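Structure first, commentary second.
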Amino acid sequence: MHIRFTRPALVNPGDLSFAASVSHRGRLLRVTSCNVDNAEGKRVAMATSSALVVKGGVRELRKVRLPDEILAEAEGTDDRFR
């Protein structure tokens, strides 16, 4: 995740609004972005993120498996990546 702060903002309940979207939803890759505006509608931060999506990845992480192990096992079979 990459965050760019564009101006100072006081953090009080209700003062900030967030608008997020998925910019790219590929078979294996997701790219997202989020804009953070203050009460006056001025941009205080922007964030972008990308993620590799591996079918069953969360379940395998809960089994305390390392991400490298999960990816190495999934590399040869495309249907496991969705």
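Before we move on, is Ala20 surrounded by 10 or more Cβ atoms within 10 Å (Cβ to Cβ) and within 15 Å of the chain's Cα centre (by Cα)? Yes. Once segment 1-28 is narrowed to residues that are polar (S, T, N, Q) and assigned to a loop (DSSP other than H, G, I, E, B), the residue that is modelled with the lowest pLDDT is Asn12.
The set of residues from segment 1-54 being basic (Lys, Arg) and touching a Ser or Thr at 6+ places or on another chain (Cβ under 6 Å) comprises just one member, Arg43. Here Ala72 fulfils each of the conditions (1) open to solvent by 30 Å² or more (accessible area, probe 1.4 Å); (2) modelled with pLDDT of 85 or more; (3) among the small types (Gly, Ala, Ser) apart from (2). Restricted to segment 29-63, and to residues there that are part of a loop (DSSP other than H, G, I, E, B) and open to solvent by less than 50 Å² (accessible area, probe 1.4 Å), the residue that is nearest to Ala74 (Cα to Cα) is Val54.
The values are calculated or read from the model by the stated rules, or taken from the named source; none is laboratory data. The structure presented is a predicted model; accordingly, all values stated were derived computationally and were not measured. FYI the Cβ positions are ideal-geometry reconstructions off the backbone, even for glycines, and counts take in every protein chain you see. Note: areas computed on protein heavy atoms with side chains; ligands, DNA, RNA excluded. Shrake-Rupley method; radii C 1.70, N 1.55, O 1.52, S 1.80 Å.
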